[in-house]
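Here's the structure, in structure tokens; my notes come after.
The values are calculated or read from the model by the stated rules, or taken from the named source; none is laboratory data. Here the structure is a predicted model, which is why all the values come from computation and not from measurement. Neighbour counts are summed over all protein chains in view; Cβ atoms, including those assigned to glycine, are modelled from backbone coordinates with ideal geometry. All accessible areas refer to the heavy atoms of the entire protein, side chains included, with ligands and DNA or RNA removed. Shrake-Rupley method; radii C 1.70, N 1.55, O 1.52, S 1.80 Å.
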Amino acid sequence: MSEGIHPIASLLAAVARGISGVQVQWAGCEPSERQRIYFANHTSHLDFVVLWSALPSYIRARTRPIAAKDYWEESWLRRYLAENVFKAVLVERGAISKAQSPEEAKFVSRSLIEEMAAALGKTNSLILFPEGTRGTGEKVGEFRSGLYHLALRRPDVELVPAYLENMNRILPKGEILPVPMLSLLTFGKPIQVEPREEKNVFLERAWEAVSTLRRIGPA
Amino acid sequence: MGSCQYSAADWAGLMLHAIHDPKLMWLFGGVLFLLVIASFIGDILKERHRNDASRPTINNLTARIRAWWKMCAVFAVSLLVGPDGTLSLFGLISFMAMREYMTLVPTRRGDHRTLFWSFFVIMPLQYYLVSIQWYGFFAIMIPVLAFIFIPSSIAIYGDTEHFLERAAKIQFGLMVCVYCLSHAPALLLLKIPGFAGHDARLLLYLVIVDQMSDVLQYVWGKLIGKHKIAWRVSPNKTWEGFLGGVATATALGTALWWVTPFTPVQSAAMSFTICILGFAGGLVMSAIKRDIGIKDFGVVIEGHGGILDRIDSLCFAAPIFFHLVRYYFVP
């Protein structure tokens, strides 16, 4: 990936910060240049930009979002934003379930993981929303397995949970105009895959790590 | 409201006037003096209680004093810029206050568009109406028009769960954070005979008495407070604090009669009213916070909680003060 931040990305980050009035809390770790996968709950289009803007700029320049190919390639504007402005790693959503045979599914999933691992490279970090889609904000949805496989593939990378509060009230799914409520972003304590840990156990633990960072509203 | 209105050129004149208004300068000087004294006392207390149990209170106190310096500076600059500056500042305060309020009051997905309208149409419109001095529209904007608009727009969206509650909560937020507060800068548009060009002093008078009443209630409460008043709502408020604060702030307001169009007796009555309403405002906001289950509305102002925690007393005092002045002093 080319060095530096796209000016439009910086502009959008500033706008998103203004709209969301986000307060950032590094509760479980400190900002660091080491390679990380930030994984968070997902309720709003603003989620990525807000999380990304909360990182110090030297980290931001090397942090890319993982985004759904089907959605972000739908129009030229989305494609431009995803590819040129935020340098997103576009992956095919649901490709595994669409596969005709278990072998094909395995192959597809492996190639997806390879794509993400390649995007990490030697210096980059990623932002991932393991729910795979935007939720209503009431409860964090079930995590998809990509996080687990990626973590196994790259055990050297730190997995940092994060919780974005109130974003679903600022810009919920299906709305284009934001309401400027205040939001809170909490980074939790990094987790990792334990030796011989099963997929479902790990995903449950990862889900827990995100959900416990919640401060306001129903638990 | 009289039909005579200031033209654009007069606004510029007013701005120059503000700088050449010696009484306004005296007020600024007085505030500066108080700030210096407060900082001085803060430093002494810090020195004396270097490491004992009252340390957190002292730290909170010095943080509050630091924040006071900043708030006074911003307010003074906005007054000197003129009515447009003051209106912009109060518009911004309304925005931040409503933001804190709406964040903490539970709203539902179905309120989204109504909230968007509240933030980006109703609130700016209210301040625009102050700026063009359209009193009739300004006075009914939120109590009448928004009152009809808000439940209608929620109903159109179709989510009926907790309908009445939601409509009431949004309406209340607009009333307190926007409608009530906008009466403070609206003082600048009153045409008081023989007082033209000095309206900034009236606004400053309101803010000084109101905020000093808060501060003095806090100080008296800390010094001699024993008997709880409304302990269910606000455990830190005491009778001693209330009576001492109201008495001293009223005395201060009375002593400031020369910056207002009031006689000393009128000024005493006005300050007393401001103090009582300020107390009521603080109490109501405390009750709301208690209801939601939080201590402060936000953390924007260091040591003070949120914006709304600082202006709660002003929200209740401003509209009544505005109408008292308008009723008795504007022909």
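Condition first: crowded, with 18+ Cβ neighbours inside 10 Å and within 14 Å of another protein chain (Cβ to nearest Cβ). Now tell me which residues in the range B:118-140 satisfy that.
Correct list: B:118, B:119, B:122, B:123.
On the given criteria, is residue A:89 surrounded by fewer than 18 Cβ atoms within 10 Å (Cβ to Cβ) and not charged (D, E, K, R)?
So residue A:89 fails the test.
Just one of B:115, B:164, B:190 is away from every other protein chain (no Cβ under 14 Å) and under 28 Å from residue B:84 (Cβ atoms); which is it?
B:190
Quick check, is residue A:88 modelled with pLDDT of 90 or more and more than 15 Å from the chain's Cα centre (by Cα)?
Taking the combined requirement at face value, the residue does not satisfy it.
Given the conditions (1) closer than 15 Å to residue A:140 by Cβ; (2) surrounded by fewer than 20 Cβ atoms within 10 Å (Cβ to Cβ), and given that residue A:210 satisfies all but one, which numbered condition is not satisfied?
(2)
Please specify each residue of the range B:78-109 satisfying the condition of being within 14 Å of chain A (Cβ to nearest Cβ), assigned to a helix (DSSP H, G or I) and open to solvent by 30 Å² or more (accessible area, probe 1.4 Å).
Matches in the range B:78-109: B:92, B:95, B:96, B:104, B:109.
Across the range B:247-276, what is the number of residues that are within 26 Å of residue B:25 (Cα to Cα), open to solvent by 10 Å² or more (accessible area, probe 1.4 Å) and assigned to a helix (DSSP H, G or I)?
Looking only at that region, the number is 17.
Just give me the residues in the range B:41-65 being modelled with pLDDT of 85 or more and either under 18 Å from residue B:207 (Cα atoms) or among the hydroxyl-bearing types (Ser, Thr, Tyr) (or both), in sequence order.
Correct list: B:62, B:64, B:65.
Conditions (1) more than 22 Å from residue B:30 (Cα to Cα); (2) of a type outside the set (Asp, Glu), marked per residue:
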position: B:54; (1), (2): yes, yes
position: B:58; (1), (2): yes, yes
position: B:66; (1), (2): no, yes
position: B:74; (1), (2): no, yes
position: B:84; (1), (2): yes, no
position: B:92; (1), (2): yes, yes
position: B:97; (1), (2): yes, yes
position: B:101; (1), (2): yes, yes
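With the structure loaded, tell me whether residue A:155 is away from every other protein chain (no Cβ under 14 Å), over 30 Å from residue B:103 (Cβ atoms) and without any contact (Cβ under 8 Å) to a residue 24 or more places away in the chain or whether it fails that test.
No.
Given the conditions (1) without any contact (Cβ under 8 Å) to a residue 60 or more places away in the chain; (2) over 15 Å from residue B:93 (Cα atoms), report the number of the one that residue B:119 does not fulfil.
Going through (1) without any contact (Cβ under 8 Å) to a residue 60 or more places away in the chain; (2) over 15 Å from residue B:93 (Cα atoms) one by one, residue B:119 breaks only (2).
Quick one: count up the residues across the range A:163-179 that are away from chain B (no Cβ under 12 Å) and either surrounded by fewer than 24 Cβ atoms within 10 Å (Cβ to Cβ) or of a type in the set (Phe, Trp, Tyr) (or both).
The number of residues fulfilling the criteria is 1.
How about the range A:180-191: which of its residues are within 7 Å of chain B (Cβ to nearest Cβ) and of a type in the set (A, V, I, L, M)?
Matches in the range A:180-191: A:181, A:182.
Kindly indicate which of B:274, B:292, B:208 is within 14 Å of another protein chain (Cβ to nearest Cβ) and of a type outside the set (Lys, Arg).
Residue meeting the stated conditions: B:292.
Let's see how each residue does on (1) touching a strand residue (DSSP E or B) at 6+ places or on another chain (Cβ under 8 Å); (2) touching a residue at least 12 places away in the same chain (Cβ under 8 Å); (3) under 22 Å from residue A:148 (Cβ atoms):
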residue: A:21; (1), (2), (3): no, yes, no
residue: A:33; (1), (2), (3): no, yes, no
residue: A:38; (1), (2), (3): yes, yes, yes
residue: A:52; (1), (2), (3): yes, yes, no
residue: A:75; (1), (2), (3): no, no, no
residue: A:82; (1), (2), (3): yes, yes, no
residue: A:102; (1), (2), (3): no, no, yes
residue: A:106; (1), (2), (3): no, no, yes
residue: A:109; (1), (2), (3): no, yes, yes
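Identify all residues within the range A:43-52 that are more than 19 Å from residue A:138 (Cβ to Cβ), open to solvent by less than 20 Å² (accessible area, probe 1.4 Å) and not β-branched (Val, Ile, Thr); write none if there are none.
The answer is A:51, A:52.
Filter the range A:3-13 for residues that are open to solvent by less than 70 Å² (accessible area, probe 1.4 Å) and not in a helix (DSSP H, G or I) and give the result.
A:4, A:5, A:6
Test residue B:143 against the criterion of being surrounded by fewer than 22 Cβ atoms within 10 Å (Cβ to Cβ) and within 11 Å of chain A (Cβ to nearest Cβ), and give yes or no.
So residue B:143 fails the test.
Quick check: is even one residue across the range A:53-62 under 22 Å from residue A:123 (Cβ atoms), of a type in the set (D, E, K, R) and surrounded by fewer than 16 Cβ atoms within 10 Å (Cβ to Cβ)?
No, because not a single residue in the range A:53-62 is under 22 Å from residue A:123 (Cβ atoms), of a type in the set (D, E, K, R) and surrounded by fewer than 16 Cβ atoms within 10 Å (Cβ to Cβ).
Going by the structure shown, is residue A:135 at pLDDT below 95, of a type outside the set (Asp, Glu) and over 19 Å from residue A:48 (Cβ atoms)?
no
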